[in-house]
Amino acid sequence: MSKDVPYTDAQLAAFDLERSSLPRHVAIIMDGNGRWARKRGLPRIEGHRRGVGSVRAIVEEASRLGLQQLTLYCFSSENWKRPPRELSLLMHLLRQYLVEERREIHRQGLRFRVIGVISGLDPVIQQEIAATEQLTAENDGMTLCLAINYGSRQEITLAVQQLALAVRNGELDPQQISESTIASALMTSGMPDPDLVIRTASEFRISNFLLWQISYSELWVSDRHWPEFRAEDFRSALQDFRRRDRRFGGLTTE
Ligand code: IPE
Ligand code: IPE
Ligand code: MG
């Protein structure tokens, strides 16, 4: 049997998980690559390199668990502040991932999507993104969404510009702007909001990630650095999620 077959209910039960209480969409702020490397006396880029292994492991695990979507924060619109050498190595790793993983993503039946300002990336990377999105567009498995050159305030700003333009062109009546109009103007249009946000490396902040979309998401912070984050850590987050009482401003139903 292939190692990425979906888990059965019995396997989920052995993990202290239950299909009906799994999140639909998990979003992860993958943090701590640099600290992981520094602790070992390695250059920061070794942390990023090793982090790709965690990406592979968590994508496979999320897909086996039957999640509808996994979103990974890969590169923020603020990460351009890093030294040129780190930036070029990060972009190299990104390209390598897109090329090397394309077949595997397709084989697993995943649908690949990217959010972020893609036009701000190297044209070669833009092409690799488009190729993977096209190849996997008809798949019906989990959506794997990478946030690349993504910033939530930038996303909201672009959405406001788009709506203002529609109003100016007489295509939109300001009175009709609803929460769903706004959601549809965001880069995540059509995607479910994350039920759970995981951040690694003990940082309790959002760092400009999906501000609109996480209004009612559950948060879970891990003390593991991203390069050492593996399937069992991911399942710990889901076990904890299972016990959360999500009230959405209402009262507990039980
Ligand atoms: C996360 O690890 C990866 C990116 C933001 C690209 P960091 O590079 O932020 O690692 P730390 O936070 O410096 O340890
Ligand atoms: C958030 O991590 C961005 C990504 C994981 C891609 P950062 O390391 O950039 O966040 P800050 O600077 O610590 O807030
Ligand atoms: Mg960091």
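The values are calculated or read from the model by the stated rules, or taken from the named source; none is laboratory data. This is a predicted model, so every value here is computed, not measured. Heads up, the Cβs are rebuilt from the backbone with ideal geometry, glycines too, and the neighbour counts pull from every protein chain shown. SASA here: full protein model, heavy atoms, side chains in, ligands and nucleic acids out. Shrake-Rupley method; radii C 1.70, N 1.55, O 1.52, S 1.80 Å.
Observations on the model:
- Using the Cβ of Phe75 as centre and a radius below 13 Å, the other residues enclosed give a net charge of -1, where K and R count +1 and D and E count -1.
- Computed as a quarter of the hull surface, the mean projected area of the alpha carbon convex hull for the range 144-253 stands at 9.1 nm².
- The per residue volume of the convex hull around the alpha-carbon atoms of the range 95-209 is 150 Å³.
- The residues neighbouring Phe15, those whose beta-carbon lies less than 13 Å from its own, together hold a net charge of -3 under the Lys/Arg +1, Asp/Glu -1 convention.
- When a 1.4 Å probe is rolled over the protein heavy atoms, the share of accessible surface on the range 141-214 that falls to carbon and sulfur comes to 52 percent.
- Remark: the chain carries 53 Å² of accessible area per residue (probe radius 1.4 Å; ligands, DNA and RNA excluded).
- Fraction of alpha-carbon pairs over 25 Å apart in the chain - percent: 47
- Dividing the helix sum by the residues of the chain, where each DSSP H run of 4 or more adds -39500 (n - 2.57), gives a mean residue ellipticity at 222 nm of -14000 deg cm²/dmol.
- Packing-based order for 17-23, 111-117, using average beta carbon neighbours within 10 Å, highest first: 111-117, 17-23
- Cα Rg, Dmax (largest Cα-Cα span) when computed across the range 8-108, Å: 16.1, 49
- A Cα-only calculation for the range 22-67 places Rg and Dmax at 13.0, 38 Å.
- Accessible-area composition of the range 1-50, carbon plus sulfur, in percent [1.4 Å probe]: 54
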